[in-house]
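Asks: Sharing a structure below in structure tokens format, with a few things to ask.
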Amino acid sequence: MKTFKNLIGALGLIAPLALAAATASAEDQLKVAIGQINNWENQAPTLGQDAGIFKKHGLVLENVGTAGAGETMQPIISGSADIGAGVGAAGVMRAFAKGAPVRIQAPAFTGTGDLFWYVKSDSKITSLKDATPETTIAYSTNGSSSNNIVVAFVSELGAKAKPTATGGPAATLTAVMSGQVDIGWAAPPFGLKEIKEGKIRIIARGSDVPSLRSQTVRVLIVNADSLKNKHDAIMRFMDAYRESVDWMYSDPKAVEMYSVKMKLPVDLLKESMDKFQPKAALQTDTMADMDGIIRDAVKLKFLEKPLTKEQIAELLQIPPRKK
């Protein structure tokens, strides 16, 4: 009898473990490469996962940070990651036109007012007009939105500076403060503390380029095979991503969690959101000014010629928002 009771007890222990294992296996895993992973506008996968939103949709994300769009696209193209976030739209179109297995899953950021360019406080440069052919101006990586904007600074605004890839905001700040680069780039909240302390000065913003102000400049991308073979999981990712963005702007806890992660005051982060990252900029439903995006991608040498209607239909794989 004792042996029988022990057996029943063991089975009672095994049952919940088996149920837990079944629950865990029911969660699909997706790998997400995120350019500038600490930027507020790229927090939906990370904060959303921490808040349990992706788990609610049956997903576990492996979020990996990169130095920018160029590094983000590489694992998506190779298939070692499923989804890429914070990727410049022009760079994605260039890769797609060359046959890369990438698709645009959704717009991620519309407008260019969130990115700014700065100099050391004691620099003689007060605007882009002061730049010379010897002046170095930073962007993250090739194909990124910061790369696109810097090219536009030169071609549209007549800036004479030399575009220079510097990676992420932290590495760029080090390069500027050490004198290796004259004009740095940043995305808030990074740099706001240094501005308040008088260490650096903003001399230009992405919104200074007229043609880019109302365009979708950064997107979510997906590997074409992942979209086909993991379609249901990718669709649930989009549902969870959109829910996460809504939560980030409606629940004060999201900013508090971000504050702990970044070790920055909540008030500073809220100021950054108000000035640089309004919720409308994070819309994920429609590529804003697609004709303009393609036109400028050709003008700025990201594309040799405009994409055809058939190519655009293949490239854009934006699922409708659930009502």
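The values are calculated or read from the model by the stated rules, or taken from the named source; none is laboratory data. All values derive from a computational prediction rather than experimental measurement. Note that we place each Cβ from the backbone using ideal geometry, even for glycine, and neighbour counts take in every protein chain shown. Just so you know, the surface numbers come from the protein's heavy atoms only, side chains and all, with ligands and any DNA or RNA stripped out. Shrake-Rupley method; radii C 1.70, N 1.55, O 1.52, S 1.80 Å.
Asks: Under 28 Å from residue 190 (Cα atoms), modelled with pLDDT of 95 or more and open to solvent by 40 Å² or more (accessible area, probe 1.4 Å), is that true of residue 257?
Replies: Taking the combined requirement at face value, the residue satisfies it.
Asks: Report yes if some residue within region 107-124 is crowded, with 24+ Cβ neighbours inside 10 Å, under 15 Å from residue 31 (Cβ atoms), among the aliphatic types (A, V, I, L, M) and in contact (Cβ under 8 Å) with a residue 40 or more places away in the chain; otherwise report no.
Replies: No.
Asks: Then there's this: Here is a list of conditions, (1) buried (at least 20 other Cβ atoms within 10 Å of the Cβ); (2) modelled with pLDDT of 95 or more; (3) among the polar types (S, T, N, Q); (4) within 22 Å of residue 178 (Cα to Cα), and residue 141 meets all of them except one; can you say which number that is?
Replies: Only one criterion is unmet by residue 141, namely (2).
Asks: Identify all residues within region 168-191 that are in contact with a Phe, Trp or Tyr (Cβ under 9 Å, 6 or more places away or on another chain), at pLDDT below 95 and not small (Gly, Ala, Ser); write none if there are none.
Replies: 169, 188, 189
Asks: Filter region 46-74 down to residues that are closer than 22 Å to residue 256 by Cα and open to solvent by less than 40 Å² (accessible area, probe 1.4 Å), then give me how many there are.
Replies: Total satisfying the criteria: 7.
Asks: Given the conditions (1) in contact (Cβ under 8 Å) with a residue 60 or more places away in the chain; (2) under 21 Å from residue 46 (Cα atoms), and given that residue 307 satisfies all but one, which numbered condition is not satisfied?
Replies: (2)
Asks: What are the residues in region 143-158 that are more than 18 Å from the chain's Cα centre (by Cα), not small (Gly, Ala, Ser) and not in a loop (DSSP other than H, G, I, E, B), if any?
Replies: Hits for region 143-158 are 151, 153, 154.
Asks: Would you point out the residue of region 14-69, among those that are within 23 Å of residue 113 (Cα to Cα) and part of a loop (DSSP other than H, G, I, E, B), that is modelled with the lowest pLDDT?
Replies: Looking at the filtered set, the residue picked out is 68.
Asks: Can you name the condition, by its number, that residue 92 falls short on among (1) in a helix (DSSP H, G or I); (2) open to solvent by 40 Å² or more (accessible area, probe 1.4 Å); (3) not basic (Lys, Arg)?
Replies: In the conditions (1) in a helix (DSSP H, G or I); (2) open to solvent by 40 Å² or more (accessible area, probe 1.4 Å); (3) not basic (Lys, Arg), residue 92 misses (2) alone.
Asks: Something else now. Would you confirm whether any residue within region 78-85 is of a type outside the set (Gly, Ala, Ser), modelled with pLDDT of 95 or more, in contact with a Phe, Trp or Tyr (Cβ under 6 Å, 6 or more places away or on another chain) and under 20 Å from residue 287 (Cβ atoms)?
Replies: Taking every residue of region 78-85 in turn, none turns out to be of a type outside the set (Gly, Ala, Ser), modelled with pLDDT of 95 or more, in contact with a Phe, Trp or Tyr (Cβ under 6 Å, 6 or more places away or on another chain) and under 20 Å from residue 287 (Cβ atoms).
Asks: Still on this structure, please answer the following. Taking into account only those residues within region 234-254 that are touching a strand residue (DSSP E or B) at 6+ places or on another chain (Cβ under 7 Å) and under 14 Å from residue 49 (Cβ atoms), which is most open to solvent (accessible area, probe 1.4 Å)?
Replies: Only one residue tops the list, namely 236.
Asks: Within region 199-217, which residues are open to solvent by 60 Å² or more (accessible area, probe 1.4 Å), farther than 12 Å from residue 109 by Cα and either in a strand (DSSP E or B) or among the charged types (D, E, K, R) (or both)?
Replies: Correct list: 199, 201, 202, 205, 208.
Asks: Restricting the first residue to region 229-242 and requiring it to be free of Cβ contacts under 8 Å to residues at least 12 places away in the same chain, which pairs with a second residue that is hydroxyl-bearing (Ser, Thr, Tyr) meet a Cβ separation below 6 Å and a spacing of at least six or different chains?
Replies: The qualifying pairs do not exist here.
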